[in-house]
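Chemist: Right, I'll just put the structure down here and ask away after.
The values are calculated or read from the model by the stated rules, or taken from the named source; none is laboratory data. Note that this is a predicted model, so its numbers are computed, not measured. No Cβ is skipped: glycine too gets one built from the backbone with ideal geometry, and neighbour counts run over all protein chains shown.
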Amino acid sequence: MLLGAALMMSSCSDSRVHSQAVYMLVDTSGTYAQEMNKASKIINYLLATLNPGDSMAVAKVETRSFTEKDIISRVTFDTRPTQATAQKRAFKAKIEAFSNSVKGSAYTDITGGLIQGAEYLNETRAGTKTIVIFSDMQEELGEGTQRDFPIHLDGIRIVALNVTKLGSDNADPRQYLARLKHWEARVRNAGASEWVMVNDLENNMQSILNIR
Amino acid sequence: MNDWHSWLFWPDSVALSIFVLGVLVLLFLYAAREPMHLVIHSLCNLFTQTSRFLSRWLFLAAEKLQQRNRSVLLAHGEESAALLIDREFARVGDIVRKDMQDYPALQRKLLEEVTRIEEDYHKCGEVPPPPPEWVDAIESVSQIKSGGDMPRKLLEELNKSIHKIHDKTVGEYRHSYEDRHKILKGMQPAWRSVDKMLGDIDKKMVTLHGNARLIDGHMSKFESLRARNDKTEHALTVSAFVQLAIAALVMVVALGGAFVNYKLIALPMSEMVGASDYITDSLKTSDVAALVIILMEASMGLFLLESLRITQLFPRIASMDDKMRHRLMLASLIFLVILAGIESSLALMRDMLVADKEMLMRDLASAAPPVSDSWLSNVPMAGQMIMGFVLPFALAFVAIPLESVVYSLRTVIGVVLVQGMRGIAVALRFASVLFKRLAKVLELVYDIPIVIPLKIERWVAGFRNHAAAPAAVK
C-alpha cells in the first residue's frame, strides 16, 4: 500500500508531462503587420483551448528576434481554473494593446525567433511543445545577422500559419513551394517532431494544437 | 518443398519410383504395426485415465463445494429467520409491555366505572311509597258509634286531607322518577367508556393474535431450516438469485446517481486539487478526488445504516454497545451532512466556473454578453445545489442493496461454480469414453493402408494352419 501511495505521489508530481506549451511567433515585417487581426483570432483560439497548467507566449518576429524583448506576453496558467481564466483575460488585453500599436520591422528573423521559442519551451518542461509561426516564411536577415548554423528543435512541433503567397510566388510558384520545402527540411533536421502547415484558418484551426 | 523429385529413386521414372516408395512405406508400416498399436493404446489409455481421474476429482470437489454452500446457505437462512423471529418477539414484547404498563390504570378506571354504574344502579332502585296514614284514621272514625254529624264531618275533613296528601305524594313520586331518569342518563358516558375500553383491549388482542400467527409462520420456516431438507435449500437458492437480480438492478440505478454526482463535482474539484495534475496518462487527480468524495459518502452511509442496524455487514459495529453505536451513528450522520454541504457548495462552484468560462469564451470571440435578467436562469444553479445536497443521502441507502449483493453473490457464485465443475467433469468423462473408443478406431485407421500385407499375412497363416492340420491328424 505504501508503495502504491508512493508511486501515486510520484506520478502526481510529474504533472508537467501532461501540459502543453505554445510559443507563437507573429511576423510584423512589411505588409504582414496588417495581418495582426488574424493573429489575434488565433491567439484567442489558443487561449480558449489551452487548459490550466499550460504555458503560452507570443513574440514578434523582427530584424533580430533572438531576444526576450520581442516576447509580447508570456504566461503559465494557474492550475486553478478561476485563476487561469483571469490570466487569459489579462493576456488577451496585452495582445490587444500590442495589436493597436504594432509597427512593421525592416527585416524578418524567423530563425532567431525559433531559437528563442525553443529555449522558452524547453524551460517550461511541458509534455507537448509547439511553436506557431504566423508568417509568410520569407526570412530576410539584416546585415551582420548570422543564422546559417544548425539549430535544435528536439521534440517540438512546428506549425506554420497563414503562409501567404508573395507577389513573386504568383509569378513563379516554385519559389513558394521551394520555400516551404526548405523550412520543412530545416525544422525536421533540427529535430522537430512534426511540421504542420495551416492556411485555412476558418476550418482547420484544431490542427494547431495536439488537443487532449 | 516443391522439389519433391528428390524423394524419387529414379527421377526419370516417376511412376516406378512412387511405386517402390509406396511399397517401402507399406512394408515399414506393416513392420511397425504392433509397436504403433501399442503407442496408440498407451496414449489413448493415458488420456482416458487422466480424464477419468480429473472428472472424478471435479465431481468430488463439486460435491464438497455444494455441501459447503449448503451449510453456509442454511446457516445464513437460519440466521435470517432467527432475526425475523427475534424482531417479531420484540414487537410482541413491546405490545405486551405497553399494554401491561397501561393495564393497572385501565383496571382502576374500569373498576371506578363499574362502581359508579353500581351506585347509580342502586340509586335508581324504586322506593315503595309509604303506607297511607289515613287508613288508620278511617278505621278509628268508623269505630265511633255516636256523635251525630261528627263522623261525617270528620270524614269530609279526612277526605280533604287525603286529597291533599295524595297530590303531594304523587308529586314527590314523579319527582323521584325524574331523578332516577337523570341518573340513568348520566350513566350513558360510563357505559360508552367501558365499551370503548373493552374495544381497545379487543383490538390489541387481535394485533397480538396476528403477531402470534406471524411468529408461528417464522417458526415453521425455522423448523424446516433446522430440518435441512432439499426443498428449503432450493427455496433459499432461488431466493438468493432473485435477491441478487433485484439488488443488482438497484445498484445500477445507484451507480447512475453516483455518475451524476461525479459529474457535478469533478469540475469544481479541479479548483481545489488543481486541473493539471494527473495520476495516470488519462486520469486526472481532480477526477479521482471527486470519486473519493463520492466513495466517502457511500462509506458514511454504510456506517450510518450499520449503526442503525439496518444492515449487518460489519459484525463489530453490530456487536457494539448501544451507547457506542449511537455515537457512531451520530458521527456518520454529521460527516454525511458535512459532505453533502461540501457537495452542494461544489455544485454552486461548478455553475460559477461554467458561467465564467462561458463569459471568457464570449470575450475571446468578441461576442456580446447574453441578456439574462430572468430568475429562470438561476433555476439550474438551484437545481444543481439541491441535487448536490440530496444525492449523498440517496447514495447512503446503497448499503442495503450492497448487503443483499454480498450475501446473495456468495450463493450464486457457489451454485455457478458447482454447476461449472460438474459440467467440466461430465465433459471430461465423455472425453475419457471417447479416447477409449478412439484407440480402436485409430488402430483400424492405421491398418487400412496396410490392408494388403495383412491379407497376405492372414492367407499365409491360414495356409500354414491347413498344412499343419493334416500333419497333426497323421
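Chemist: Can you list residue pairs whose Cβ atoms sit under 9 Å apart, with the first residue in the range B:440-462 being among the hydroxyl-bearing types (Ser, Thr, Tyr) and the second being surrounded by 12 or more Cβ atoms within 10 Å (Cβ to Cβ)? Count only pairs 6 or more apart in sequence or on different chains.
Modeler: B:446/B:29; B:446/B:33; B:446/B:36; B:446/B:37; B:446/B:40
Chemist: Same structure, new question: Taking the range A:1-33 on its own, how many of its residues are facing chain B (nearest Cβ under 10 Å), at pLDDT 60 or above and in a helix (DSSP H, G or I)?
Modeler: Qualifying residue count, the range A:1-33: 4.
Chemist: If you go through the range B:387-431, how many residues are within 14 Å of residue B:249 (Cα to Cα) and of a type in the set (S, T, N, Q)?
Modeler: 2
Chemist: Give the range B:415-446 a look and list any residue that's more than 30 Å from residue B:65 (Cβ to Cβ) and surrounded by 15 or more Cβ atoms within 10 Å (Cβ to Cβ), or say none.
Modeler: Start the filter on the range B:415-446 by keeping residues that are more than 30 Å from residue B:65 (Cβ to Cβ), which leaves B:437-446.
The answer is B:438, B:439, B:442, B:443, B:446.
Chemist: Would the range B:216-224 turn up any residue that is in contact with a Pro (Cβ under 9 Å, 6 or more places away or on another chain), part of a helix (DSSP H, G or I) and exposed (fewer than 13 other Cβ atoms within 10 Å of the Cβ)? Talk me through it step by step, then tell me what you get.
Modeler: To start, the set of residues in the range B:216-224 that are in contact with a Pro (Cβ under 9 Å, 6 or more places away or on another chain) comprises none.
No; the residues of the range B:216-224 include none that is in contact with a Pro (Cβ under 9 Å, 6 or more places away or on another chain), part of a helix (DSSP H, G or I) and exposed (fewer than 13 other Cβ atoms within 10 Å of the Cβ).
Chemist: Right, next: So, residue B:346, is that one within 14 Å of chain A (Cβ to nearest Cβ) and modelled with pLDDT of 90 or more or not? Let's see the steps before the verdict.
Modeler: On the way: within 14 Å of chain A (Cβ to nearest Cβ): yes; modelled with pLDDT of 90 or more: yes.
Considered against the rule, which asks whether it is within 14 Å of chain A (Cβ to nearest Cβ) and modelled with pLDDT of 90 or more, residue B:346 comes out as yes.
Chemist: Has the range B:121-139 got at least one residue that is surrounded by 10 or more Cβ atoms within 10 Å (Cβ to Cβ), part of a helix (DSSP H, G or I), basic (Lys, Arg) and modelled with pLDDT of 75 or more?
Modeler: The answer is no, given that none of the residues of the range B:121-139 is surrounded by 10 or more Cβ atoms within 10 Å (Cβ to Cβ), part of a helix (DSSP H, G or I), basic (Lys, Arg) and modelled with pLDDT of 75 or more.
Chemist: Moving on. Cβ-Cβ distance below 6 Å, separation of 6 or more or different chains: which pairs start in the range B:316-332 with a residue that is closer than 21 Å to residue B:297 by Cα and end on one that is charged (D, E, K, R) and surrounded by 12 or more Cβ atoms within 10 Å (Cβ to Cβ)?
Modeler: If the second residue must be charged (D, E, K, R) and surrounded by 12 or more Cβ atoms within 10 Å (Cβ to Cβ), the pairs left are B:317/B:306.
Chemist: Please identify the pairs in which a residue from the range B:164-176 that is part of a helix (DSSP H, G or I) has its Cβ atom under 8 Å from the Cβ atom of a residue that is among the β-branched types (Val, Ile, Thr), counting only partners at least 6 apart or on another chain.
Modeler: Qualifying pairs under 8 Å: B:176/B:127.
Chemist: Right, next: Only one of A:108, A:67 is more than 14 Å from chain B (Cβ to nearest Cβ), under 17 Å from the mean Cα position of the chain (by Cα) and buried (at least 17 other Cβ atoms within 10 Å of the Cβ); which?
Modeler: A:108
Chemist: Just one of (1) within 14 Å of another protein chain (Cβ to nearest Cβ); (2) surrounded by fewer than 21 Cβ atoms within 10 Å (Cβ to Cβ); (3) in contact (Cβ under 8 Å) with a residue 60 or more places away in the chain trips up residue B:260, so point out which.
Modeler: Against the list (1) within 14 Å of another protein chain (Cβ to nearest Cβ); (2) surrounded by fewer than 21 Cβ atoms within 10 Å (Cβ to Cβ); (3) in contact (Cβ under 8 Å) with a residue 60 or more places away in the chain, residue B:260 comes up short only on (1).
Chemist: Are any of the residues in the range B:363-385 modelled with pLDDT under 90, within 14 Å of chain A (Cβ to nearest Cβ) and buried (at least 16 other Cβ atoms within 10 Å of the Cβ)?
Modeler: yes
Chemist: Among what's in the range A:135-181 and is of a type in the set (S, T, N, Q) and over 19 Å from the mean Cα position of the chain (by Cα), pick the residue that is surrounded by the most Cβ atoms within 10 Å (Cβ to Cβ).
Modeler: For the range A:135-181, the residue satisfying everything is A:145.
Chemist: Give me the residue from the range B:266-286 that is more than 9 Å from chain A (Cβ to nearest Cβ) and touching a residue at least 24 places away in the same chain (Cβ under 8 Å) and, out of that set, surrounded by the fewest Cβ atoms within 10 Å (Cβ to Cβ). Give the derivation first.
Modeler: Our first condition is that a residue be more than 9 Å from chain A (Cβ to nearest Cβ); within the range B:266-286, this holds for B:266, B:269, B:283, B:286.
Still in the running and touching a residue at least 24 places away in the same chain (Cβ under 8 Å): B:266, B:269.
On the way: B:266: 20, B:269: 25.
The extreme case among them is B:266.
Chemist: From the list A:74, A:89, which one is surrounded by fewer than 23 Cβ atoms within 10 Å (Cβ to Cβ) and away from chain B (no Cβ under 14 Å)?
Modeler: Details: A:89 fails: away from chain B (no Cβ under 14 Å).
The match here is A:74.
Chemist: Oh, and also: For the range A:43-61, name all the residues that are surrounded by fewer than 22 Cβ atoms within 10 Å (Cβ to Cβ) and either among the β-branched types (Val, Ile, Thr) or in a helix (DSSP H, G or I) (or both).
Modeler: If the condition is that a residue be surrounded by fewer than 22 Cβ atoms within 10 Å (Cβ to Cβ) and either among the β-branched types (Val, Ile, Thr) or in a helix (DSSP H, G or I) (or both), then A:44, A:45, A:48, A:49 are the ones that fit.
Chemist: Continuing with the same structure: Got a sec? Which of B:52, B:68, B:56 is surrounded by 17 or more Cβ atoms within 10 Å (Cβ to Cβ) and of a type in the set (D, E, K, R)? Lay out the reasoning, then the answer.
Modeler: Values: B:68 fails: surrounded by 17 or more Cβ atoms within 10 Å (Cβ to Cβ); B:56 fails: surrounded by 17 or more Cβ atoms within 10 Å (Cβ to Cβ).
The conditions single out B:52.
Chemist: Among the residues that make up the range B:373-393, is at least one of them closer than 30 Å to residue A:88 by Cβ, in a loop (DSSP other than H, G, I, E, B) and within 60 Å of the chain's Cα centre (by Cα)?
Modeler: Yes, the conditions are met somewhere in the range B:373-393.
Chemist: Is one or more of the residues making up the range B:311-328 within 12 Å of chain A (Cβ to nearest Cβ) and among the β-branched types (Val, Ile, Thr)? If you could, list the steps in order and put the result at the bottom.
Modeler: Applying the first criterion (within 12 Å of chain A (Cβ to nearest Cβ)) to the range B:311-328 yields none.
No; the residues of the range B:311-328 include none that is within 12 Å of chain A (Cβ to nearest Cβ) and among the β-branched types (Val, Ile, Thr).
Chemist: Still on this model: Consider residue A:117 against the criteria (1) facing chain B (nearest Cβ under 10 Å); (2) under 19 Å from the mean Cα position of the chain (by Cα): it satisfies all of them except one. Which criterion is unmet?
Modeler: Here residue A:117 meets the rest and fails (1).
Chemist: Go through the range B:11-35 and give me each residue that's among the hydrophobic types (A, V, I, L, M, F, W, C) and exposed (fewer than 11 other Cβ atoms within 10 Å of the Cβ). Step through it out loud before you land on a result.
Modeler: At the first step, the residues of the range B:11-35 found to be among the hydrophobic types (A, V, I, L, M, F, W, C) are B:14-16, B:18-21, B:23-29, B:31-32.
Selection gives B:15 alone.
Chemist: If you don't mind, another one. Yes or no: residue B:369 in a loop (DSSP other than H, G, I, E, B), more than 27 Å from residue B:300 (Cα to Cα) and out of contact with any Pro (no Cβ under 6 Å at 6 or more places or on another chain)? It would help to see each step written out before you state the result.
Modeler: Numbers: in a loop (DSSP other than H, G, I, E, B): yes; more than 27 Å from residue B:300 (Cα to Cα): yes; out of contact with any Pro (no Cβ under 6 Å at 6 or more places or on another chain): yes.
Taking the combined requirement at face value, the residue satisfies it.
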